[in-house]
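The next block holds one structure in the form of structure tokens; read it before the comments.
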Amino acid sequence: MREPNADFVGLRQKLLQTGDVDGRPLLLVFGTGWGMTQELIDTADLRLPPLLRDPRIVDPEGAYNHLSVRAAVAIALDRLLGESR
């Protein structure tokens, strides 16, 4: 799998400045990756990094390692389109 080549801060800045990404529409595809073919992933112009849990959260057994797709979408959209803090 190809590594992320974009970050939320940089993509947010582009969206706020121009309303698009390099004059092209933006399609965000969310999922766990299991249902996405390698071909689909390889054709993406930008790949954002995965959302990771806050390292300050104490989980001694390491049982918590993922978010639901719905929660990840909410967090990603907030990072891209939410109000600045």
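Every residue, every condition in (1) in contact with a Lys or Arg (Cβ under 9 Å, 6 or more places away or on another chain); (2) among the small types (Gly, Ala, Ser); (3) at pLDDT 80 or above, yes or no:
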residue	(1), (2), (3)
14	no, no, yes
33	no, yes, no
45	yes, no, yes
61	no, no, no
77	no, no, yes
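Residues of the stretch 33-55 being among the charged types (D, E, K, R) and either surrounded by 11 or more Cβ atoms within 10 Å (Cβ to Cβ) or assigned to a loop (DSSP other than H, G, I, E, B) (or both), which ones? Those that are among the charged types (D, E, K, R) and either surrounded by 11 or more Cβ atoms within 10 Å (Cβ to Cβ) or assigned to a loop (DSSP other than H, G, I, E, B) (or both): 45, 47, 53, 54. Would it be correct to say that residue 26 is touching a residue at least 24 places away in the same chain (Cβ under 8 Å), closer than 22 Å to residue 78 by Cα and either in contact with an Asp or Glu (Cβ under 9 Å, 6 or more places away or on another chain) or not basic (Lys, Arg) (or both)? Answer is no for this residue. Look at the stretch 67-83: where a residue is in contact (Cβ under 8 Å) with a residue 24 or more places away in the chain and a partner is part of a helix (DSSP H, G or I) and of a type in the set (Phe, Trp, Tyr), sitting 6+ places away or on another chain with Cβ atoms under 9 Å, you get 76/8; 79/8; 80/8.
Among the residues of the stretch 16-32, are any in a helix (DSSP H, G or I) and under 25 Å from residue 67 (Cα atoms)? Within the stretch 16-32 (the criterion being in a helix (DSSP H, G or I) and under 25 Å from residue 67 (Cα atoms)), the answer is no, since none of the residues qualifies.
The values are calculated or read from the model by the stated rules, or taken from the named source; none is laboratory data. Bear in mind that the values here come from a model prediction, so they are computed numbers and not experimental data. Counting neighbours? That spans all protein chains shown, and the Cβs are built from the backbone with ideal geometry, glycine included.
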